[in-house]
Amino acid sequence: QVQLVESGGGLVQPGGSLRLSCAASGRNFSRGAMGWYRQAPGNQRELVARIFSGGTTTYADSVRGRFTISRDSAKNTVYLQMNSLKPEDTAVYYCNILSSWGSAYWGQGTQVTVSS
């Protein structure tokens, strides 16, 4: 019933930009926390950015100042604007929602590759 559909990944050169989108359906997540995680080969999945219902944001130190998370609660959608991309940003990026009732939901993942 709940579905998170991600889009926007792809191949980009260092210094380039991408914008990821994650559209949720099936439930209203306006009061939940929405975020992005990433996982590179051989690595653990790590938090990239999170935005709470009131608009407060958190970022991993490695992306702060380059990435911006935002949300459109009316559309149940969260975005990740990724600027000044580096090769070390290469990973599969996963959308995540922690609902106000305590359930966690994950998107299918979208590949981001930063390479010359």
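Rg to Rh ratio, the stretch 22-69, alpha-carbon atoms and Kirkwood radius?
Across the stretch 22-69, the Cα-based Rg/Rh ratio is 1.02.
Just checking the listed ones, 65, 55, 42: in the Gaussian network model of the chain with Cα springs under 10 Å, the one fluctuating most is 42. Gaussian network model of the chain, Cα springs within a sub-10 Å range: biggest mean-square fluctuation belongs to which of 103, 70, 53? In the Gaussian network model the winner is 103.
Globularity index of the stretch 9-116 is 1.03 (Cα radius of gyration / 2.2 N^0.38 Å, N = number of residues). Once the 1.4 Å probe is applied to the protein heavy atoms, the stretch 49-101 comes out at 47 Å² accessible per residue.
Please identify the chymotrypsin sites (Phe, Trp or Tyr not before Pro) of the stretch 33-109 that satisfy two criteria: DSSP loop assignment and at most 15 other Cβ atoms within 10 Å. Which are they? Walk me through the intermediate numbers first.
Values: sites: 36, 37, 52, 59, 67, 79, 93, 94, 101, 105, 106; in loops: 52, 101.
Qualifying residues, ordered by number: 52, 101.
The values are calculated or read from the model by the stated rules, or taken from the named source; none is laboratory data. Here the structure is a predicted model, which is why all the values come from computation and not from measurement. Cβ coordinates were reconstructed from backbone atoms using ideal geometry, including for glycine residues, and neighbour counts include every protein chain displayed. Note: accessible area is taken over every heavy atom of the protein model, side chains too, but ligands, DNA and RNA are not part of it. Shrake-Rupley method; radii C 1.70, N 1.55, O 1.52, S 1.80 Å.
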